[in-house]
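Presented below is the structure to which this report refers.
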Amino acid sequence: MLKIVGLVGSNADRSYNRLLLQAIKRRFKAKFRFEILEIKDVPMFNQSDDQSDSAVIQHLNERIENADGVIIATPEHNHTLPPALKSTLEWLSYKLHPFESKSVMVMGASYYNQGTSRSQLHLRQVLEAPGVGAHVFPGQEFLLGKVKEAFNEDDHLIDQRTIDYLELCLDKFVRFVKVNKAFEQKGPLPSEDLWATDSIESTIEGVDKSDPEWVEKAAELVGAAEGSDYVKLDRGILTVDQLNIFLRSMPMELTYADDNNQFLYYNRVRMGDDMLASRYEHQVGFSLAECHPESARKGAEYVIQQLRSGQTDVLRIPITHHGPDKYVVHNYQAMYYENGDYAGINEYILDFKPIVDFYLQKTGQSLVGVGDTSSGASDAGTDADSGASESGGGQVPATAEGAQPATDADSGASDTTSNTWDAAASDIDTQAAVDTSSGASEG
């Protein structure tokens, strides 16, 4: 998911532009991760008293630099942008340049009918000036006029047409950000340490990652909760036993690998080779390099690079060797810490066919392949299950250079090092995977 920051263009305690950004954060949180930044404590720009290294300027610089895009909500003061916002942009284009090549959307709220049209025009000119160098989202101005009537007592937007237009603008900005990210990608992504030789804050030190009893030894070392011990989650309290029951009941196979590329967990829905992607108890704790044969590591590294870099939030790879009675998809979903940093991979593997069959049965519909004019359910089912490549959707990408086919990586029961989320990782045509998963080509 994209990381977007919203910059409140006012230093007032009560700001309708702040309310506008807060409304975006509440209503559209499924579209992107959104953080609101304030300029209330930013000092007036004065190059004779350089404040570039101050905490408030450095905080803004870091958050904007690490974001995929920025939304600035500006008031209008005397037909132009407020001095506080202009001063902030001066600091962020003097010695620091976080807006350089950054996708920026301009919007604003005002007491009057014209919204903030004149201040938005001036703000666009500032953002495109040398030293700032932002990529300003063209057109689709969002001008919220008569703001005293626009929000209810709970500070929520009232008018549905306004909300719908705001959503349209945001959807187009998301596509704009993705296109710019694709153009700005320079050279190859950094290589991945699949051996997990480094440590992160959550790494359990003192236990060899390749130890087949890693779970037991690591749990004893840190005094891990177990059995009837309660665990407080972000929205609930469960015992460890309840957590295990809950996760094993999931209608999919789940695997957790942290941002240090260490395999930490899988929900043991079945034993070893009976799973859609074989998992073995002794492998938990392994580095991802140990979980893959050498031939599959290039594909695994590619998956991690795409997710860690933010090129995409999920990669989906269909695996066809399970036969016509299944349609199995490996999904690699990026996870994020509260501050928006990459936290690792949630791989979930799901057989979609029972879900599709249920939907077709309940709706009385059938699947028809391209060029298939028949309405027979059996024909449609055959097309959907065994000939996905004929319609262009769900096609298994070509094998990556130097990688073994998915069947080699995923089906060999005797090869105990080839079972952790390897089927798709070793079976990726890199460009096809990005285009079909990230939507970067939409713009």
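The values are calculated or read from the model by the stated rules, or taken from the named source; none is laboratory data. Being a predicted model, the structure only gives us computed values, none of them experimental. Methodologically, a virtual Cβ is constructed for each residue, glycine included, from the backbone with ideal geometry; neighbour enumeration extends over all protein chains shown. Protein only, heavy atoms only, side chains kept; ligands, DNA and RNA dropped before computing areas. Shrake-Rupley method; radii C 1.70, N 1.55, O 1.52, S 1.80 Å.
Name the residues in the range 336-361 that are under 10 Å from Asp259 (Cβ atoms) and open to solvent by less than 40 Å² (accessible area, probe 1.4 Å), would you? Don't jump to the end; show me each part of the working.
Here is the first cut: in the range 336-361, the residues under 10 Å from Asp259 (Cβ atoms) are 336-337, 341-345.
Of everything in the range 336-361, those that are under 10 Å from Asp259 (Cβ atoms) and open to solvent by less than 40 Å² (accessible area, probe 1.4 Å) turn out to be Tyr342, Ala343, Gly344, Ile345.
Here is a check on your reading of the model: is Ala296 at pLDDT 95 or above and buried (at least 18 other Cβ atoms within 10 Å of the Cβ)? Reasoning before the result, please.
Values: at pLDDT 95 or above: no; buried (at least 18 other Cβ atoms within 10 Å of the Cβ): yes.
In short, no.
For Glu100, work out the one condition from (1) touching a residue at least 40 places away in the same chain (Cβ under 8 Å); (2) surrounded by 13 or more Cβ atoms within 10 Å (Cβ to Cβ) it doesn't fulfil.
Of the numbered conditions (1) touching a residue at least 40 places away in the same chain (Cβ under 8 Å); (2) surrounded by 13 or more Cβ atoms within 10 Å (Cβ to Cβ), the odd one out for Glu100 is (1).
Could you give me the residue pairs with C-beta distances under 6 Å whose first residue belongs to the range 135-163 and is free of Cβ contacts under 8 Å to residues at least 40 places away in the same chain, whose second residue is open to solvent by 60 Å² or more (accessible area, probe 1.4 Å) and among the aliphatic types (A, V, I, L, M) wherever it lies, and which are 6+ apart or on separate chains?
Pairs that qualify, where the first residue is free of Cβ contacts under 8 Å to residues at least 40 places away in the same chain and the partner is open to solvent by 60 Å² or more (accessible area, probe 1.4 Å) and among the aliphatic types (A, V, I, L, M), are Asn152/Ile158.
Looking for something part of a strand (DSSP E or B), modelled with pLDDT of 95 or more, open to solvent by less than 70 Å² (accessible area, probe 1.4 Å) and closer than 30 Å to Ile64 by Cβ - is there at least one such residue anywhere in the range 321-332?
The answer is yes; a qualifying residue exists.
Hey, can you tell me all the residues within the range 3-21 that are under 23 Å from Asp313 (Cβ atoms) and open to solvent by 10 Å² or more (accessible area, probe 1.4 Å)?
Across the range 3-21, the qualifying residue is only Lys3.
How many of the residues in the range 84-95 are under 16 Å from Val70 (Cα atoms) and in a loop (DSSP other than H, G, I, E, B)?
Residues that pass the stated criteria total 2.
Being open to solvent by less than 60 Å² (accessible area, probe 1.4 Å), closer than 26 Å to Phe173 by Cα, among the aliphatic types (A, V, I, L, M) and touching a residue at least 12 places away in the same chain (Cβ under 8 Å) is the requirement here; does Val70 meet it? Walk me through how you get there before you give the answer.
On the way: open to solvent by less than 60 Å² (accessible area, probe 1.4 Å): yes; closer than 26 Å to Phe173 by Cα: yes; among the aliphatic types (A, V, I, L, M): yes; touching a residue at least 12 places away in the same chain (Cβ under 8 Å): yes.
Spelling it out, Val70 is indeed open to solvent by less than 60 Å² (accessible area, probe 1.4 Å), closer than 26 Å to Phe173 by Cα, among the aliphatic types (A, V, I, L, M) and touching a residue at least 12 places away in the same chain (Cβ under 8 Å).
Of (1) within 17 Å of Asn346 (Cβ to Cβ); (2) surrounded by 15 or more Cβ atoms within 10 Å (Cβ to Cβ), Asn180 satisfies all except one. Which?
Tallying (1) within 17 Å of Asn346 (Cβ to Cβ); (2) surrounded by 15 or more Cβ atoms within 10 Å (Cβ to Cβ), Asn180 fails exactly one: (1).
In the range 147-161, what residues are in a helix (DSSP H, G or I) and surrounded by 15 or more Cβ atoms within 10 Å (Cβ to Cβ)?
Val147, Ala150
Return yes when Ser93 is at pLDDT below 95 and either hydroxyl-bearing (Ser, Thr, Tyr) or under 20 Å from Arg14 (Cα atoms) (or both) and no when it is not. Walk me through how you get there before you give the answer.
Details: at pLDDT below 95: no; either hydroxyl-bearing (Ser, Thr, Tyr) or under 20 Å from Arg14 (Cα atoms) (or both): yes.
Spelling it out, it is not the case that Ser93 is at pLDDT below 95 and either hydroxyl-bearing (Ser, Thr, Tyr) or under 20 Å from Arg14 (Cα atoms) (or both).
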